[in-house]
Amino acid sequence: MIISTQPYIEISRTIQSNGQHRIESEQLLVLYRDKIITESRHFSLQDILDISYKVISEETGFLYLHSNHQVFSFYVKTSPTEFITEYKRLKAEGYTNE
């Protein structure tokens, strides 16, 4: 069951004969009771130490997923407050896949 979602922007750059091009594609962080998944990664909630957010401008910021392996950053254009609040609620309750 999905608890919360957070859109993030994946940016890729390509170089073609007429110059460099920046391509943005919207992806989703999806919070379940026992994991967070992205387009290319799965994180067990037991491996996540914290989630934080740093505002860059009025419209953008970075969501940081602190795992026991490394910190992963996600460029966001909408506030992740609800996503972070739901994660912290699950953390306080104890992680479960029930």
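The values are calculated or read from the model by the stated rules, or taken from the named source; none is laboratory data. In this text, all values refer to a predicted model and were calculated from it rather than measured experimentally. Here the Cβ is made from the backbone with ideal geometry for all residues, glycine too, and neighbour counts use every protein chain on show.
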Since Ala92 meets every condition but one in (1) at pLDDT below 95; (2) within 16 Å of Ile2 (Cα to Cα); (3) aliphatic (A, V, I, L, M), which condition does it not meet?
(2)
What pairs come up if the first residue lies in the range 15-31 and is acidic (Asp, Glu), the second is not in a strand (DSSP E or B), and their beta carbons are under 9 Å apart, counting only those six or more places apart or on different chains?
Glu26/Lys77
Those residues of the range 29-63 that are over 24 Å from Met1 (Cβ atoms), of a type outside the set (S, T, N, Q) and in contact with a Lys or Arg (Cβ under 7 Å, 6 or more places away or on another chain) come to a total of 3
Does any residue in the range 77-88 that is closer than 15 Å to Ile48 by Cβ and at pLDDT 95 or above come within less than 7 Å, Cβ to Cβ, of a residue that is outside any helix (DSSP H, G or I) and of a type outside the set (A, V, I, L, M) six or more places away or on a different chain, and which pairs are these?
Pro80/Gln6; Pro80/Tyr53; Phe83/Ser4; Phe83/Gln6; Ile84/Tyr53; Glu86/Ser4
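Take the conditions modelled with pLDDT of 95 or more, of a type in the set (Phe, Trp, Tyr) and over 12 Å from the mean Cα position of the chain (by Cα) and apply them to Tyr32. Does it pass?
Numbers: modelled with pLDDT of 95 or more: yes; of a type in the set (Phe, Trp, Tyr): yes; over 12 Å from the mean Cα position of the chain (by Cα): yes.
Criteria met by Tyr32.
Every residue in the range 31-43 that is part of a strand (DSSP E or B) and under 13 Å from Leu90 (Cβ atoms), please.
Step one: list which residues in the range 31-43 are part of a strand (DSSP E or B), which gives 31, 35-37, 42-43.
Across the range 31-43, the qualifying residues are Leu31, Lys35, Ile36, Phe43.
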Out of everything in the range 57-83 that is of a type outside the set (Gly, Ala, Ser) and surrounded by fewer than 11 Cβ atoms within 10 Å (Cβ to Cβ), what residue ends up being farthest from Ile11 (Cα to Cα)?
Asn68
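Using the structure shown, decide if Glu24 is surrounded by 12 or more Cβ atoms within 10 Å (Cβ to Cβ), modelled with pLDDT under 95 and part of a strand (DSSP E or B).
On the way: surrounded by 12 or more Cβ atoms within 10 Å (Cβ to Cβ): no; modelled with pLDDT under 95: yes; part of a strand (DSSP E or B): yes.
It is false that Glu24 is surrounded by 12 or more Cβ atoms within 10 Å (Cβ to Cβ), modelled with pLDDT under 95 and part of a strand (DSSP E or B).
Mind checking which residues of the range 44-98 are of a type in the set (A, V, I, L, M) and part of a loop (DSSP other than H, G, I, E, B)? Talk me through it step by step, then tell me what you get.
Of all residues in the range 44-98, those of a type in the set (A, V, I, L, M) come to 45, 48-49, 51, 55-56, 63, 65, 71, 76, 84, 90, 92.
Residue satisfying the conditions is Ile56 alone.
Does Glu10 satisfy the condition of being surrounded by 14 or more Cβ atoms within 10 Å (Cβ to Cβ), among the charged types (D, E, K, R), at pLDDT 90 or above and not in a strand (DSSP E or B)?
Values: surrounded by 14 or more Cβ atoms within 10 Å (Cβ to Cβ): yes; among the charged types (D, E, K, R): yes; at pLDDT 90 or above: yes; not in a strand (DSSP E or B): no.
It is false that Glu10 is surrounded by 14 or more Cβ atoms within 10 Å (Cβ to Cβ), among the charged types (D, E, K, R), at pLDDT 90 or above and not in a strand (DSSP E or B).
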